[in-house]
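Data first, discussion second: the structure below is written as structure tokens.
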Amino acid sequence: MNDFLEACRQTIGTPHVLIDADETAPYLTDWRRRYTGKARAVLRPASTDEVAAIVRLCHQFKVAIVPQGGNTGLVLGSIPDDSGTAIVLTLTRMNQIRAIDPVNHTMTVEAGCILQRVQQAAADADCLFPLSLGSEGSCTIGGNLSSNAGGTAVLRYGNARELCLGLEVVTPQGEILHGLRGLRKDNTGYDLRDLYIGAEGTLGIITAAVLKLFPVPQAQRTALAALRSPDDALRLLMLVQRRCGSALTGFELMSAFCLTLVGKHFPHMRLPFAEEHTQYVLLELSDSESEEHANTLLENVIGDALEQDIIQDAIVASSIAQSKSIWDFREHIPLAQAAEGSNIKHDVSLPISSIGEFIRSTDSLLQQAFPGARMVCYGHLGDGNLHYNVAHPEHQSNSSFLAQQVAVNRVVHDNVQRFNGSISAEHGIGVLNRDELQRYKSETEMTLMRTLKHALDPLNIMNPGKLI
């Protein structure tokens, strides 16, 4: 293997072939710090040609590759196993914005660009790139596309897949697929782009992408509504969609317990209601006409919801600062969960009409099997994506509850399947959900995925052991 590493040094430069333990450590532990793998080396190429040259070397020496972006994933998709035989290929040096076309409403960026930087570059060009995640200050576009990231604006703009028009990809053989076309219509055969989006680096390495941009809204308005149940939240969703149409860009459901945890661990954050309610919805409108029109639209729909007894109370943000404080409640839920202790996470999607019954029935099944378990349930209700997380009972130690993860997963995921849902909405499969995928996908689907994997990567060097 010394020959392999020496060839890598000649290809990308000695400073960018990391083998020292202190230098490689940040690339080997997952974001939640629950697993640390091993790697032969961490390689830091600076261009697509360098990525292709490294992949050709890996193909020649039969060395496995673990592509990595910002390493913010939650399913161990970008962490090597403990064999120490793979290399981690990080694309963070590939962070250039190659072009912005405000007329075509597209931006061409390299895979290592931080999402927040892409958002800002779009804003500087008087455009909007709407993908928004809690990790947007550190996650990268390549990782967003490889996991088909979702976030808070899927209801209006779609997942990462819908925000991408073209890709540049290095194949497992080290060839370059030049597909950076900013076309909204291109009916010329198989859609190769869609093969790589959501594939978690198992079919090739995304090195650049053409992203869709949108006009900047003239106004954004945010409200926080208090409700009795998830069913009332669905009634509110239907009302707002009927009255506001595509202006509705965010619709987030949060249980009372979620925000109780936020208040417990962040005492300066207090809900602006006189009493506690069972559920809360954060909703946001993006208006293309004017601030006055946005205000009227939101205030009228909130007024109608109160009159129809759909919601019990609400506040409408009257400034950017107030809007940010409302979003802070939603964004602090994962931080509050972490402060409370490790929990068993589920990122599921369901038919929107089934969400109320799913929450009720799953809550009940878990209480029967694990008395005292505390459900931290929140998510993007408008697109059917729930983060249904389960925290340990107060009388039980965190570690002993985590030892029951397989059993907890079985209750939750079996019920997801009963409602014709998906066990992964936006986090991906990686290693943590790999066995679950095989349990819930049909044999036909698994066979087709394995066939694609073998056809494109017969040596199985692209992120082996992930997804399938």
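The values are calculated or read from the model by the stated rules, or taken from the named source; none is laboratory data. Note that this is a predicted model, so its numbers are computed, not measured. Glycine gets a Cβ as well: all are built from the backbone with ideal geometry, and neighbour counts include every protein chain shown.
With the condition being farther than 30 Å from Gln218 by Cβ, I'd like the helices (runs of 4 or more DSSP H) fully within the stretch 250-333 carrying at least 1 qualifying residues. Outline the logic, then answer.
Values: elements: 256-265, 291-307, 320-331.
Here the list reads 256-265.
Any residue that is of a type in the set (Asp, Glu) and outside any loop (DSSP other than H, G, I, E, B) - is there at least one of those in the stretch 46-53? Even if it seems obvious, please write down each step before you answer.
At the first step, the residues of the stretch 46-53 found to be of a type in the set (Asp, Glu) are 49-50.
With the extra rule that they be outside any loop (DSSP other than H, G, I, E, B), the set shrinks to 49-50.
Yes, the stretch 46-53 has at least one match.
Out of Arg56, Arg98, Arg93, Arg40, which single residue is surrounded by fewer than 22 Cβ atoms within 10 Å (Cβ to Cβ), within 21 Å of Phe129 (Cβ to Cβ) and among the charged types (D, E, K, R)?
Values: Arg56 fails: within 21 Å of Phe129 (Cβ to Cβ); Arg93 fails: within 21 Å of Phe129 (Cβ to Cβ); Arg40 fails: within 21 Å of Phe129 (Cβ to Cβ).
Within the list Arg56, Arg98, Arg93, Arg40, the selection yields Arg98.
Determine if the stretch 345-353 includes at least one residue that is closer than 30 Å to Thr296 by Cα and either modelled with pLDDT of 95 or more or under 22 Å from the mean Cα position of the chain (by Cα) (or both).
There is at least one residue in the stretch 345-353 that is closer than 30 Å to Thr296 by Cα and either modelled with pLDDT of 95 or more or under 22 Å from the mean Cα position of the chain (by Cα) (or both).
On the basis of being among the hydrophobic types (A, V, I, L, M, F, W, C), surrounded by 14 or more Cβ atoms within 10 Å (Cβ to Cβ) and outside any loop (DSSP other than H, G, I, E, B), does Ala7 make the cut?
So Ala7 fits the description; yes.
Is it fair to say Gly379 is part of a loop (DSSP other than H, G, I, E, B) and touching a residue at least 12 places away in the same chain (Cβ under 8 Å)? Let's see the steps before the verdict.
Numbers: part of a loop (DSSP other than H, G, I, E, B): no; touching a residue at least 12 places away in the same chain (Cβ under 8 Å): yes.
Judged against the criteria, Gly379 is not a match.
Looking at (1) touching an Asp or Glu at 6+ places or on another chain (Cβ under 8 Å); (2) surrounded by 14 or more Cβ atoms within 10 Å (Cβ to Cβ); (3) touching a residue at least 60 places away in the same chain (Cβ under 8 Å), can you tell me which one Lys264 breaks?
Unmet condition: (2).
Here are some conditions: (1) surrounded by fewer than 17 Cβ atoms within 10 Å (Cβ to Cβ); (2) closer than 21 Å to Ser342 by Cβ. Gly430 meets all but one. Which one does it not meet?
Among (1) surrounded by fewer than 17 Cβ atoms within 10 Å (Cβ to Cβ); (2) closer than 21 Å to Ser342 by Cβ, Gly430 violates only (1).
Looking only at the stretch 290-318, filter to residues that are in contact (Cβ under 8 Å) with a residue 24 or more places away in the chain and small (Gly, Ala, Ser); which one of those is farthest from Phe251 (Cα to Cα)?
So the residue we want is Ser290.
Here are Gly134, Gly112: which of them is at pLDDT below 95, of a type in the set (Gly, Ala, Ser) and within 22 Å of Ala160 (Cα to Cα)? Walk me through it before giving the result.
Numbers: Gly112 fails: at pLDDT below 95.
None of the other options fit; the residue is Gly134.
Thr249: within 25 Å of the chain's Cα centre (by Cα), under 15 Å from Gly382 (Cα atoms) and hydroxyl-bearing (Ser, Thr, Tyr), yes or no? So that I can check it myself, show each step before the final result.
Details: within 25 Å of the chain's Cα centre (by Cα): yes; under 15 Å from Gly382 (Cα atoms): yes; hydroxyl-bearing (Ser, Thr, Tyr): yes.
The answer is yes for Thr249.
What residue, of Val412, Val408, is more than 21 Å from the chain's Cα centre (by Cα), under 16 Å from Ile359 (Cβ atoms) and modelled with pLDDT of 95 or more?
Val408 is the lone residue from the list that is more than 21 Å from the chain's Cα centre (by Cα), under 16 Å from Ile359 (Cβ atoms) and modelled with pLDDT of 95 or more.
Might you let me know whether the stretch 393-400 holds any residue that is outside the structural domain of Cys258 (by TED's automatic domain parsing), touching a Lys or Arg at 6+ places or on another chain (Cβ under 8 Å) and part of a loop (DSSP other than H, G, I, E, B)? Show your work before the answer.
Pass one, the stretch 393-400, residues outside the structural domain of Cys258 (by TED's automatic domain parsing): 393-400.
Among the residues that remain, those that are also touching a Lys or Arg at 6+ places or on another chain (Cβ under 8 Å) are: 393-394.
Now restrict to residues that are part of a loop (DSSP other than H, G, I, E, B): 393-394.
Yes, the stretch 393-400 has at least one match.
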